[in-house]
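Everything on this sheet refers to the single structure shown next.
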Amino acid sequence: MNRLYLIPTPLGDCAPGDVLPRSVTSIIPELRIFVVEELRTARRFLSSAGLKGRIDELELHTLNEHSAPQEISELMKLFGKGDVGLLSEAGLPAVADPGAALVAECHRQDIEVLPLVGPSSLMLALMGSGLDGQSFAFRGYMPAKTDERRAALRNVEKQSSALRQSQIFIETPYRNDALFADMLGVLSPATRICVAADLTLPGQFLKTRTVEQWKRLDLHIGKRPCVFIILA
């Protein structure tokens, strides 16, 4: 029975060998069928990961947030041809990623799933935050509308305080600064916030401060991949 390989990708513009072990980079050139989140990004990654000059020989199939449920059934037919690699836009496939639907269907159909080692912005941020690594929750994205986002932040802070639990979330890069401003506006002065941007990249920023301390620093995050963690 053919298998599904969950292939990690870099978190930004760097060579695969900088963040992926040889055990991963040696597998990639052996595959010819890939399910990817975005074709252009996938081609660039695969080319740099040992398949330069062979991209036209590959089968690349798209699975993203716009894919309909019935498309998963079509993708499952690929396993009749050989092993399949799953790629996310960045980091680990199937974590805050539409590829999770393909993984779930593989389990239902008893197809072996092989997760490979690679960077996770969520875990890297938690590791470097100094916040509670024993009890934590990933909350995904905060609401886009300001009033709903502020209400969600208050609720997350209450849960963090009640459970003594680190709360991890992410945001679309162009809303980073709006989210951070709301955090400083509605969270308690003693609540700690970790801001982790551009992890593993040359411009990495990783700091944990209280809300009160952040207000004195005038941080501008900008449009870059960022993970936020709070602990009340």
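Listed values, structure above:
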read-out	value
Compactness index (Cα Rg / 2.2 N^0.38 Å), the chain	1.11
Antiparallel DSSP beta bridges within the chain, percent to nearest 5	50 percent
Amide H partners (placed H, <5 Å) of VAL35, local residues excluded	HIS61, GLY85, LEU86, LEU87
From phi via Karplus (6.51, -1.76, 1.60), per-residue ³J(HN,Hα) for region 102-119 in Hz, x at Gly/Pro	5, 4, 4, 5, 4, 5, 5, 9, 6, 9, 5, 10, 10, x, 10, 6, x, x
Extension gain, ARG154 back to LYS215 (0.36 nm per residue minus Cα-Cα distance, nm)	20.2 nm
Cα centre as origin, Lys/Arg/Asp/Glu Cβ charges: region 39-149 dipole, Debye	340 debye
Rg followed by Dmax, in Å, when region 108-160 is reduced to its Cα trace	16.1, 44
Candidates SER120, SER23, SER129: whichever shows maximal mean-square fluctuation once the chain is modelled as a Gaussian network with Cα springs under 10 Å	SER23
ARG150 accessible area, 1.4 Å probe, all protein chains in place, Å² to nearest 10	90 Å²
Contact order normalised by residue count of region 148-210, Cα under 8 Å, 6+ apart, percent	27 percent
Anchor LYS215: lysines whose Cα lies under 23 Å away (excluding residues fewer than 8 positions away in-chain)	LYS145, LYS158, LYS207, LYS223
Other-chain or far-sequence residues with amide H under 5 Å of GLY91's (modelled H)	THR9, LEU11
Selection from VAL24, GLY80, MET1, by position along the positive dipole direction of the chain (Cβ)	VAL24
Accessible area of region 167-232 belonging to carbon and sulfur atoms, whole % at 1.4 Å probe	52 percent
Per-residue HN-Hα couplings for region 172-178 [Karplus 6.51, -1.76, 1.60; θ = phi - 60°; Hz; x = Gly/Pro]	4, x, 6, 9, 3, 6, 5
Solution diffusion estimate, µm²/s, Stokes-Einstein, region 1-119, Kirkwood Rh from C-alpha pairs, 4 °C, viscosity 1.567 mPa s	92 µm²/s
Solvent exposure of region 138-201 as accessible area per residue, Å², 1.4 Å probe	45 Å²
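The values are calculated or read from the model by the stated rules, or taken from the named source; none is laboratory data. Note that the structure is a prediction, hence the values are computed from the model and not measured. Don't worry about glycine lacking a Cβ; one is built from the backbone with ideal geometry, like all the others, and counts go over all protein chains shown. Surface areas here come from the heavy atoms of the whole protein model, side chains and all, with no ligands, DNA or RNA. Shrake-Rupley method; radii C 1.70, N 1.55, O 1.52, S 1.80 Å.
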